[in-house]
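Student: To start, I am sharing the structure in question, which I have written as structure tokens.
FYI, it's all coordinate maths here, none of it is from the lab. Worth saying up front: this structure is predicted, and the values here are computed from it rather than measured. In this analysis, Cβ positions are derived from the backbone assuming ideal geometry, glycine residues included, and neighbour counts consider all displayed protein chains.
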Amino acid sequence: MKQYIPVFFCILIGTALSIWFFVNTEPKHINTYPNLPAPIAEEKILITSAGQAAEATILSSIAENLNLEADYRPIALATDLYDYKSVVIMLGYSANGQSNTIRSFQEERDRITSLLKEAGKTKLPIVVVDPTGIHRNDKQSWRLFENIAPFADYFIGLKNMNDTEKAIQLLNKHSVPVTLVSDLEDIKIPFNSVYR
């Protein structure tokens with residue numbers, strides 16, 4: 001009987017380690033919307049960039065393919081909102097894009113904050129899109145995200161974002177519906193659901 005004690009002990013430890021490994025490696029489910037159940041905004045759309053990443057032109061192209069009336073203004077100001085019924089902000093910092101403007105990063109943050117406050121005053125819906133995923137995972141993009149999240153009415157991003165849970169928690173704190181898609185092509189459906 002004593003000869004089976006080491007075998008039993010090894011099986012017990014192996015089972016405990018297997019359970020611990022399974023529990024700690026199981027991906028956590030994040031509850032998101034596949035798209036909005038009803039439209040929250042109307043056209044004419046102002047598309048602008050927060051951080052001057054080039055991906056904002058992709059949103060402009062998507063809007064055009066969906067036959068949405070939209071203007072892309074990479075450095076839109078709060079005073080530009082008079083002609084629009086909704087705002088779409090493409091999130092992502094680009095040092096190259098920022099260097100092509102006459103603004104510093106702090107001035108870019110101030111521009112976006114001013115735009116968001118004015119949109120809030122006039123009750124314009126604000127849609128935030130982050131089509132960059134892990135490709136623009138930097139401190140500046142995160143700081144812009146923290147500035148924008150409290151003002152957002154809807155967020156569309158890629159599933160491969162770094163710190164997805166942290167971003168979702170911040171958005172949930174501000175009651176912002178979230179849709180995460182697999183790739184850029186999948187942005188069309190949730191983006192269209194904002195308007196139709």
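Student: Over all pairs of distinct alpha carbons, what does the Kirkwood formula give as the hydrodynamic radius of the range 33-193, in Å?
Tutor: Numbers: mean 1/r = 0.0650 Å⁻¹.
Final number for the Kirkwood radius of the range 33-193 is 15.4 Å.
Student: Can you give the extra length, in nm with one decimal, that the chain gains between residue 13 and residue 105 once fully stretched, where that is 0.36 nm per residue apart less the Cα-Cα distance? Write out the running numbers ahead of the final one.
Tutor: Values: separation 92, 0.36 × 92 = 33.12 nm, distance 5.37 nm.
Between residue 13 and residue 105, full extension yields an extra 27.8 nm.
Student: For each of 32, 179, count neighbouring Cβ atoms within 10 Å of the residue's Cβ, then give the residues from fewest to most. It would help to have the intermediate numbers written out before the result.
Tutor: Working: 32 19, 179 22.
Going from sparsest to densest Cβ surroundings: 32, 179.
Student: Something else about it: Hey, which of these cross-link pairs are over 23 Å Cα-Cα: 85/188; 44/188; 117/159; 121/173?
Tutor: In this structure, 117/159 exceed 23 Å between Cα atoms.
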